[in-house]
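Please read the structure below before turning to the comments.
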Amino acid sequence: MREERKGMLIVVSGPSGTGKGTICEKLLAEDPSLTFSVSATTRYRRETEIDGVHYHFISEEKYDELLKEDAFLEHATVHGHRYGTLKSQVEELMEKGLNVVLDIDPQGAREVMRQRPDCVSIFILPPSYAALRVRLHTRNTDDPKEIERRLGNAKGEIEQMHLYQYAVVNDDLELAYQQISAIIAAEKQRTTRYFPVVE
Ligand code: 5GP
């Protein structure tokens, strides 16, 4: 039997602190059909990050240039920094038949869902606001005022959960990972993406 698959676009989003980054890392490590779209950002590079691997770290000027060239599939200002998904990246990877994972904030996710209604959209939820607060504190990347701001944003983002096709609660990383793997496995078999030829 011959078969052919079209690459799909998988949007993983959710409030800050729900663990979507960790979930995406695990998905990418376990499934070779998945690849990550490296976003461009004006944020400073953290010590553990590699330019071109975690992000393309670019200047404000370069970001403005890309905006002018209409190079972004979506872009958003998240917690004071600018981030954008490069159209060229996504298109190139999907043309190779790869499934492209976007780890993006809810503003960007809504834009991708508008532009690419064929995408798979997954919203990651915290088990509770109390758990989200603890997570934001233990991550130790933000001051208390910023944490309260992110919790406030989370409420509005969760209210818009119905815009996504799937919702997964990240109470237990392994379970959340299993659930998302199952979603991806089913989406791969859709007849709009999978073309087996019976000979
Ligand atoms: P961080 O700076 O901690 O890596 O990411 C901060 C937030 O920006 C996360 O919620 C992450 O999902 C989001 N983000 C990363 N890249 C993009 C992007 O290209 N577009 C949008 N809209 N959000 C992004």
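Find the residue count for the range 125-145, including only residues that are under 26 Å from residue 39 (Cα atoms), at pLDDT 95 or above and either surrounded by fewer than 18 Cβ atoms within 10 Å (Cβ to Cβ) or near the ligand (Cβ under 10 Å from one of its atoms) (or both).
0
When you look at residue 87, is it farther than 29 Å from residue 1 by Cβ and without any contact (Cβ under 8 Å) to a residue 12 or more places away in the chain, yes or no?
When the stated conditions are applied, residue 87 does not pass them.
Mind listing just one residue for me: the one in the range 169-184 that is among the hydrophobic types (A, V, I, L, M, F, W, C) and touching a residue at least 60 places away in the same chain (Cβ under 8 Å) and, of those, farthest from residue 122 (Cα to Cα)?
Here the residue is 173.
List the number of the failed condition for residue 57; all other conditions in (1) within 13 Å of the ligand (Cβ to nearest atom); (2) modelled with pLDDT of 95 or more; (3) within 16 Å of the chain's Cα centre (by Cα); (4) not aliphatic (A, V, I, L, M) hold.
Result: residue 57 fails condition (3) only.
Taking only the range 158-187 into account, find how many residues are open to solvent by less than 70 Å² (accessible area, probe 1.4 Å), within 22 Å of residue 7 (Cβ to Cβ) and either at pLDDT below 95 or assigned to a loop (DSSP other than H, G, I, E, B) (or both).
Qualifying residue count, the range 158-187: 1.
Without any contact (Cβ under 8 Å) to a residue 60 or more places away in the chain and more than 18 Å from the chain's Cα centre (by Cα): is that true of residue 74 in this structure? Lay out the reasoning, then the answer.
Values: without any contact (Cβ under 8 Å) to a residue 60 or more places away in the chain: yes; more than 18 Å from the chain's Cα centre (by Cα): no.
No.
Residues that are closer than 26 Å to residue 185 by Cβ and either open to solvent by less than 80 Å² (accessible area, probe 1.4 Å) or touching a His at 6+ places or on another chain (Cβ under 6 Å) (or both): find the strands (runs of 3 or more DSSP E) completely inside the range 32-96 holding 1 or more of those.
Counting at least 1 such residues, we get 34-36, 39-41, 72-78, 81-86.
Which count do you get for residues in the range 97-122 that are assigned to a strand (DSSP E or B) and open to solvent by 20 Å² or more (accessible area, probe 1.4 Å)?
1
The values are calculated or read from the model by the stated rules, or taken from the named source; none is laboratory data. Remember, it's a predicted structure, so these values are computed and weren't measured experimentally. When we count neighbours, we look across all protein chains shown, and the Cβ atoms used for this are built from the backbone with ideal geometry, even at glycine. Quick note on the areas: whole protein, heavy atoms, side chains included, nothing else; ligands and nucleic acids left out. Shrake-Rupley method; radii C 1.70, N 1.55, O 1.52, S 1.80 Å.
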